[in-house]
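The values are calculated or read from the model by the stated rules, or taken from the named source; none is laboratory data. These numbers come from a predicted model, not from an experiment. Neighbour counts are summed over all protein chains in view; Cβ atoms, including those assigned to glycine, are modelled from backbone coordinates with ideal geometry.
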């Protein structure tokens, strides 16, 4: 007599365990924990919606990679991004938000209540869902980018440009966003280099004209960034140039800041089967609201905002989402 189960039985038992997921019912589920998610949680908790918030892969969102935040109202001396997110979380929990570690790995918005799978094992059935999963800035993938993150490397000129006032900086990209970032920085900095991979700008004609005519902006076409160098902070960018030459040539520019403007990817993939999104994946909301294409599902923050992408606007839409969710529940007697 054997004390071991046949292999095929073990595999089928494991499959059965995977299929059998724990289930929980909540009135308001918030997915994401940046300014939008935490603000939604504060408002939802104060409205007695008993919100459950899952923090995701990066609790606190993009601001946790930022050092000083000086453009958020109420902090005259500034505050670090991680500290601000810590305070927002404490405030949300103070009013009764159940903040949990976990990642949304799947959804089913085909019926009510809406179903969200957490960590591939637990199913949350929610009367309302607030999506605040944010967007992820695109980077070049250089090791030195990560090394100097928050020490000269940034993906938001509006957020961090002030720290480089009177200094020399570089902007990577050739589209509208890159031109807008370069023009914004040119109003603060001594010199702005635009590092463009192609031999032309993809931006609209009016932005191109403004860039080319600005005395502080120099466009470096047909360049790729090889690496960043510096002593604790960015001091140089090593560029590769190839133009009508059999071999690549290397050049170094002296800079204090390195800004990425090559786009963002909204963290909306698992929702796209059910919700309307634009061509770039941002969740569409009814103008003036946080309402999505499915009743009871609301979106706030950068996952639905391809334009502003600021902490203060994210917080504002988080407030809207909680109020919209509260009204939805009241209207449906839930």
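The residue that is surrounded by the most Cβ atoms within 10 Å (Cβ to Cβ), counting only those in region 91-104 that are out of contact with any helix residue (DSSP H, G or I) (no Cβ under 7 Å at 6 or more places or on another chain) and not in a helix (DSSP H, G or I), is 102.
All but one of (1) assigned to a helix (DSSP H, G or I); (2) more than 21 Å from residue 234 (Cα to Cα); (3) touching a helix residue (DSSP H, G or I) at 6+ places or on another chain (Cβ under 6 Å) hold for residue 201; state the number of the condition that does not hold. With (1) assigned to a helix (DSSP H, G or I); (2) more than 21 Å from residue 234 (Cα to Cα); (3) touching a helix residue (DSSP H, G or I) at 6+ places or on another chain (Cβ under 6 Å) applied to residue 201, the lone miss is (1).
How many residues does region 214-226 hold that are farther than 12 Å from residue 182 by Cβ and either in a loop (DSSP other than H, G, I, E, B) or not assigned by TED's automatic domain parsing to the domain that holds residue 166 (or both)? So the answer is 3. Restricting region 1-47 to residues that are at pLDDT 95 or above, in a helix (DSSP H, G or I) and out of contact with any helix residue (DSSP H, G or I) (no Cβ under 6 Å at 6 or more places or on another chain), the residue that is nearest to residue 69 (Cα to Cα) is 37.
Filtered by the rule that a residue be assigned to a loop (DSSP other than H, G, I, E, B), modelled with pLDDT of 85 or more and within 15 Å of the chain's Cα centre (by Cα), region 48-90 gives 55, 56. Residue count for region 106-144 satisfying the condition of being in contact with a helix residue (DSSP H, G or I) (Cβ under 7 Å, 6 or more places away or on another chain) and either outside any strand (DSSP E or B) or more than 30 Å from residue 240 (Cβ to Cβ) (or both): 10. Taken residue by residue, region 268-280 has at least one member that is touching a helix residue (DSSP H, G or I) at 6+ places or on another chain (Cβ under 6 Å) and in the same structural domain as residue 35 (by TED's automatic domain parsing).
The number of residues in region 224-271 that are at pLDDT below 95, crowded, with 16+ Cβ neighbours inside 10 Å and within 20 Å of residue 167 (Cβ to Cβ) comes to 1. Summed over region 255-284, the residues that are touching a strand residue (DSSP E or B) at 6+ places or on another chain (Cβ under 7 Å) and without any contact (Cβ under 8 Å) to a residue 24 or more places away in the chain give a count of 3.
For region 204-213, how many residues meet the condition of being at pLDDT below 95 and part of a loop (DSSP other than H, G, I, E, B)? Total satisfying the criteria: 1. With respect to the stated conditions, residue 247 fails to be more than 26 Å from residue 147 (Cα to Cα), in the same structural domain as residue 324 (by TED's automatic domain parsing) and without any contact (Cβ under 8 Å) to a residue 60 or more places away in the chain. I'd like the residue in region 154-179 that is out of contact with any helix residue (DSSP H, G or I) (no Cβ under 7 Å at 6 or more places or on another chain) and free of Cβ contacts under 8 Å to residues at least 40 places away in the same chain and, out of all such residues, is farthest from residue 230 (Cα to Cα). Step by step, filter region 154-179, then rank; the result is 174. Scanning region 272-317 for residues that are on the phi > 0 side of the Ramachandran plot, modelled with pLDDT of 95 or more and crowded, with 17+ Cβ neighbours inside 10 Å gives 281, 296, 301. Check residue 167 against each of (1) at pLDDT 95 or above; (2) crowded, with 19+ Cβ neighbours inside 10 Å; (3) under 16 Å from residue 216 (Cα atoms) and name the one condition it does not meet. (2) is the only condition that residue 167 fails.
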